[in-house]
1. Which trypsin sites (Lys or Arg not before Pro) from the stretch 1-76 combine a DSSP loop assignment with at most 11 other Cβ atoms within 10 Å?
2. What is the local net charge at D59, summed over the other residues whose Cβ is closer than 14 Å to its Cβ (Lys, Arg +1; Asp, Glu -1)?
3. Taking only the alpha-carbon positions of the chain and ignoring solvent, what does the Debye formula give for the base-10 log of I(q)/I(0) at q = 0.22 Å⁻¹?
4. What distance in nm separates the two pseudo spin-label positions at L20 and Q8, each 7 Å out from Cα along the beta-carbon direction?
5. With each pseudo-label sitting 7 Å past Cα toward Cβ, what's the F83-F30 distance in nm, one decimal?
6. Taking loop as defined by DSSP and a crowding limit of 11 other beta carbons within 10 Å, which chymotrypsin sites (Phe, Trp or Tyr not before Pro) in the stretch 36-122 fit?
7. Please grab the % of Cα pairs in the stretch 1-62 that end up more than 17 Å from each other.
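Rule-based calculations on the coordinates, nothing more; no lab input. Nothing here was measured: the structure is a model prediction, and the numbers come from that model. Note that we place each Cβ from the backbone using ideal geometry, even for glycine, and neighbour counts take in every protein chain shown.
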Amino acid sequence: MKKAFTLQYSLETLCVLLALLSGIAVLHQFIIGKHFIIPTVILIVPIITGNIARFGYRDYRWAKHLAFWIGVLLTAHWFFALFYAQTLRAMLGAAFEPVAGTITLLLAYLTVQYFRRNDLSV
């Protein structure tokens with residue numbers, strides 16, 4: 001459990017969080033929403049991200065590369081959200097820029113450090 005909170009395994013920990021959150025969303029849709037077809041498709045997300053995290057913690061290179069690209073895509077997502085997100089901007093109001101900017105910088109830092117610490121250059 002110690003290595004889960006190091007920069008070398010930071011994106012695996014992020015994948016675990018994504019798997020947990022999407023798993024909870026699937027359960028919510030099954031139990032409260034009474035939907036069964038769409039949550040089954042959404043169940044792919046926690047299965048894939050959970051397996052990426054599991055094999056990344058075991059230092060499989062292919063899982064490390066996939067976790068890195070998940071980090072890149074999440075960073076890009078939050079970067080573009082700074083300019084184009086409307087719903088999140090309406091929900092957070094004046095706090096949107098500091099929150100989204102901080103998340104963007106944090107994800108960028110974690111992704112760059114992950115790349116360096118795991119020596120993912122080709």
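1. Taking the stretch 1-76 and a limit of 11 other Cβ atoms within 10 Å, the loop trypsin sites (Lys or Arg not before Pro) found are K34, R58.
2. Once all neighbours under 14 Å are counted, the net charge is +4.
3. For the chain at q = 0.22 Å⁻¹, log10 I(q)/I(0) is -1.16.
4. Label at L20, label at Q8, 2.3 nm between them.
5. Label-label distance for F83 and F30, simple model: 4.1 nm.
6. Sparse-neighbourhood loop chymotrypsin sites (Phe, Trp or Tyr not before Pro): F36.
7. Values: 824 of 1891 pairs.
When all Cα pairs of the stretch 1-62 are counted, 44 percent exceed 17 Å.
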